[in-house]
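*Asks:* Pasting a structure below so you can have a look.
Coordinate-derived values only; no laboratory data. A quick note: this is a predicted structure, and the numbers were derived from the prediction, not measured. Backbone-built Cβ (ideal geometry, glycine too); neighbour counts: all protein chains shown.
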Amino acid sequence: MSVIGGYFGLEPKSGKKQEPPHSSMYKVNSGRNALALAIRSMNCKKIHIPYYTCGVISMMLAMHQIDYEYYWINEDLSPRINGIGDEETVLITNYFGICDRKVNTIIETGRNLILDNAQAFFHIPLLDIDT
């Protein structure tokens, strides 16, 4: 009996060495550690996170003493955000990998943001956006 699970696209093909996706990116062991790394690299004073997010995010922010505030999302999963300061950033979640158009619209606003692609692992990272 063989085991089924994981990402089928990541399985190595016999006889060929395959480069893993995102091989040129920083490697961390969890989404929350990736977020902590991005926040530290941006030197932001406060981050806005969606109410519809995993509870470990707020736990990690509290543990690292990072100020945060929740925001609501609309029915189409787009963020409902107002009043972001210069030293603040926004965590945008690409829910289920279906929010690309909305993310592109938000990027055009010029806000500081971190894109959470944990649910969209195979999406290509955007240039100059912490992902």
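*Asks:* Give me the extension gain from LYS27 to TYR71: residue separation times 0.36 nm, minus the current Cα-Cα distance, reported in nm with one decimal.
*Replies:* Full-extension gain reported as 13.0 nm.
*Asks:* What spacing in nm lies between the two simple spin-label points modelled at ARG80 and PHE96, each 7 Å away from Cα in the Cβ direction?
*Replies:* Once both label points are built, they end up 2.0 nm from each other.
*Asks:* Still on this model: With a ≥ b ≥ c taken as the square roots of the eigenvalues of the C-alpha gyration tensor of segment 45-93, please select rounded if a/c is under 1.5 and otherwise prolate if a/b is larger than b/c or oblate if it is not?
*Replies:* The shape class here is oblate.
*Asks:* Further question on the same structure: Does segment 43-131 come out rounded, prolate or oblate by the C-alpha gyration tensor, with a ≥ b ≥ c the root eigenvalues, rounded set by a/c under 1.5 and, if not, prolate when a/b is larger than b/c and oblate if not?
*Replies:* Taking the square roots of the gyration eigenvalues as a ≥ b ≥ c, segment 43-131 is rounded.
*Asks:* Now for a different question. Taking the Cα-to-Cβ direction at LYS45 and at ASP128 and moving 7 Å from each Cα, how far apart do the two end points lie in nm?
*Replies:* Simple spin-label model gives 2.4 nm for this pair.
*Asks:* Under a point-charge model restricted to the Cβ atoms of Lys and Arg (+1) and Asp and Glu (-1), what is the dipole moment magnitude of segment 36-103 relative to its Cα centre, in debye to the nearest 20?
*Replies:* 120 debye
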